[in-house]
Amino acid sequence: MTTPKSKANVGMTLIILFVITLATGIILHLKKHDILIEPPPVIKMVHWIAGFLMVGVACLHSIQFKRMFSAMKTKFRWFRIDTWVVIVFVAITFITGLVKLLSPVKIPNLGLHHYWFGIIMSVAVIVHLFRGIPSWNRLRKIK
Ligand code: HEM
Ligand code: HEM
């Protein structure tokens, strides 16, 4: 489960799910600017399936890197701080998305808040990848 290969595979899956979630999230938001890309119900479904899978795979990824993350307490401070931003905003985005999906009544502005939490999360994930991608490239070459 924690071989370099499996870490690299989980990492690549995570990047793909992240790109799908972000792209569909932005497409859904464009509706607020009167740009409607059809068909919204399908895009919504792709969005939340990719989003929930991403959260699940991110939990697996965190377990794989838990020890390394703790060992970084004194070194690589920017990476640790940024990764904490990722953890907090993945959680908030996930919760607001879940409430939006399950709430029987429409909560005003929840979609917009969810979108902005998603944007903050995405910026932090992209910063995380400045270290993540070189690390992924190393892991995939280890036999
Ligand atoms: C959607 C969110 C995330 C994405 C897309 C992501 C992506 C990646 C990728 C592609 C790598 C390279 C290693 C690999 O392929 O497995 C990596 C490394 C790493 N990630 Fe993440 N990650 C995310 C969230 C997290 C979270 C929540 C943690 C918290 C523990 C974390 C901690 C780490 C650590 C410690 C490394 C190792 C860095 C190194 O080798 O120097 N990541 N991440
Ligand atoms: C943590 C990962 C995410 C999960 C689990 C998630 C989940 C969801 C869910 C369940 C919905 C409701 C769909 C419906 O009403 O049928 C939704 C809507 C939406 N999401 Fe996400 N999402 C995530 C990340 C993102 C990101 C990164 C963005 C963009 C930056 C985003 C933007 C949106 C937008 C714009 C909507 C439509 C809101 C509206 O209809 O007012 N989401 N999301």
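Farther than 18 Å from Arg140 by Cα, under 12 Å from the mean Cα position of the chain (by Cα) and within 13 Å of ligand 1 (Cβ to nearest atom) - does that describe any residue in the stretch 4-18? Yes, the stretch 4-18 contains a residue that is farther than 18 Å from Arg140 by Cα, under 12 Å from the mean Cα position of the chain (by Cα) and within 13 Å of ligand 1 (Cβ to nearest atom).
Put simply, of Lys100, Lys106, Lys75 the only residue that is within 10 Å of ligand 1 (Cβ to nearest atom) and over 22 Å from Thr2 (Cα atoms) is Lys75. Tell me, please, whether a residue that is near ligand 1 (Cβ under 9 Å from one of its atoms) and either free of Cβ contacts under 8 Å to residues at least 60 places away in the same chain or among the basic types (Lys, Arg) (or both) can be found in the stretch 37-55. Scanning the stretch 37-55 turns up at least one residue that is near ligand 1 (Cβ under 9 Å from one of its atoms) and either free of Cβ contacts under 8 Å to residues at least 60 places away in the same chain or among the basic types (Lys, Arg) (or both). For the stretch 99-120, the candidate set comprises residues that are of a type outside the set (Lys, Arg) and within 6 Å of ligand 2 (Cβ to nearest atom); within that set, the residue that is surrounded by the fewest Cβ atoms within 10 Å (Cβ to Cβ) is Leu101. Listed by position, the helices (runs of 4 or more DSSP H) contained in the stretch 1-79 that have at least 3 residues being surrounded by 13 or more Cβ atoms within 10 Å (Cβ to Cβ) are 4-30, 40-64.
Bear in mind that the values in this text are calculations on the coordinates, not laboratory data. Bear in mind that the values here come from a model prediction, so they are computed numbers and not experimental data. Every residue, glycine as well, gets a Cβ built from its backbone with ideal geometry; the counts of neighbours run over all protein chains shown.
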